[in-house]
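A short worksheet on the structure shown next.
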Amino acid sequence: MALVSEFLGQLTLSYSGEPEAKYPTVVPARDFDPARDAARIDTAIKTKGVDEQTIIDILTRRSCEQRREIAFEYERFAKKDLVSALKGALSGSLEALILGLMKSTAQYDASELKASMKGLGTDEETLIEIVCSRNNEELAEIKRVYRDSESLFKKDLEKDVAGDTSGNFAKLLLALVQTRRDEPSNVVDYEKIDEDARALYEAGVKRKGTDVVTWIEIMSQRSVPHLQKVFERYKSYSPYDMKESIRKEVKGDLEKSFLTLVECFENRQLYFASRLNEAMKSKGAKEKVVTRIIVSRCEVDLIKIRTEFKKHFKRSLYQTITEHTKGDYQKALLSLCGGDD
Ligand SMILES: [Ca+2]
């Protein structure tokens, strides 16, 4: 009992049980006229050399729903599919970015996952980023799109993940894709927090080898606010915090996955900010990573990612994009970024 009350003092009970609020940089345009936008895009595509600026100005400043309406109007009026027309008109990183915008966030995530598992090899980095950072609600929607999407795959995400990964790494990703995480509760269960913290310690740092299955179970099934308290509590059992313990106990893709999970439980927007910083550290940029994060988060939480970026890396995301990218691709990224901080 003494343990529990001592522990109580350190807690902040801020979670309200409400769905996560959104912090988008891209919001619906006012005075929106899809027919006018469709006509302007048609002209831009037909312009000799292509008028990329107009395409960027329109498509990066409309919401996903509005882009869909533009595509509908375009098809009616130009008698062809907007996505195919854009594919023909654009190239390289700008093409990838604009085509990404023509999908909903879940469709985009699903197609990125699909691409990461396509062919012989597997792009584990992308797979880990998406599966370990998306919350239950997002993962459920990605799974639905992955299965139902008419034009895309009609395949099961779980089956594809199982086919492309192996061992404990596969077990962890599958457990996450099954979306069995508890919903946050308003009642804080101190006994369970203590029990889970001890179980994580006993399954890892305390014993020889690691009981990975126990780690997977706890990290894939408990709610995020619960886990935040578990990791706090964990420090009273283990000489190492959870992230240090992961680094000591497991290696390779499994290590990366657990670290991504814990980072996202702690502060998901900081995780994305760090990924962006990492992708733009040296000369140039890992454009695939930058595109994926900016496109997939611009209608979700990019404002908060910007704030974390500035706070931790002492310069703004906008400035960093300016220094590490160029041309029309840069213009599109900056427009999605939505402003300097
Ligand atoms: Ca161990």
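Points to keep in mind about this one:
- Residues that are under 19 Å from ILE246 (Cα atoms), in contact with a Gly (Cβ under 8 Å, 6 or more places away or on another chain) and not aromatic (Phe, Trp, Tyr), drawn from the range 176-223: THR210, ASP211
- Verdict on LEU94 being over 21 Å from ARG292 (Cβ atoms) and at pLDDT 95 or above: no
- Options THR307, THR322, THR291: the member that is more than 21 Å from LEU101 (Cβ to Cβ) and either β-branched (Val, Ile, Thr) or within 12 Å of the chain's Cα centre (by Cα) (or both): THR307
- Every residue from the range 270-292 that is touching a residue at least 40 places away in the same chain (Cβ under 8 Å), under 19 Å from TYR318 (Cβ atoms) and buried (at least 18 other Cβ atoms within 10 Å of the Cβ): LEU270, PHE272, ALA273, ARG275, LEU276, MET280, ALA285, GLU287, VAL290, THR291, ARG292
- Residues of the range 181-225 satisfying the condition of being in contact with a helix residue (DSSP H, G or I) (Cβ under 8 Å, 6 or more places away or on another chain), over 23 Å from ILE128 (Cα atoms), within 16 Å of the ligand (Cβ to nearest atom) and assigned to a loop (DSSP other than H, G, I, E, B): VAL205
- With respect to the conditions (1) surrounded by 19 or more Cβ atoms within 10 Å (Cβ to Cβ); (2) of a type outside the set (D, E, K, R); (3) outside any helix (DSSP H, G or I), VAL161 lacks only one, and its number is (3).
- Being of a type in the set (A, V, I, L, M, F, W, C), out of contact with any strand residue (DSSP E or B) (no Cβ under 8 Å at 6 or more places or on another chain), more than 16 Å from the ligand (Cβ to nearest atom) and in a loop (DSSP other than H, G, I, E, B) is not true of VAL262.
The values are calculated or read from the model by the stated rules, or taken from the named source; none is laboratory data. Just so it is clear, the structure is predicted and the values come from calculations on it, not from any experiment. Don't worry about glycine lacking a Cβ; one is built from the backbone with ideal geometry, like all the others, and counts go over all protein chains shown.
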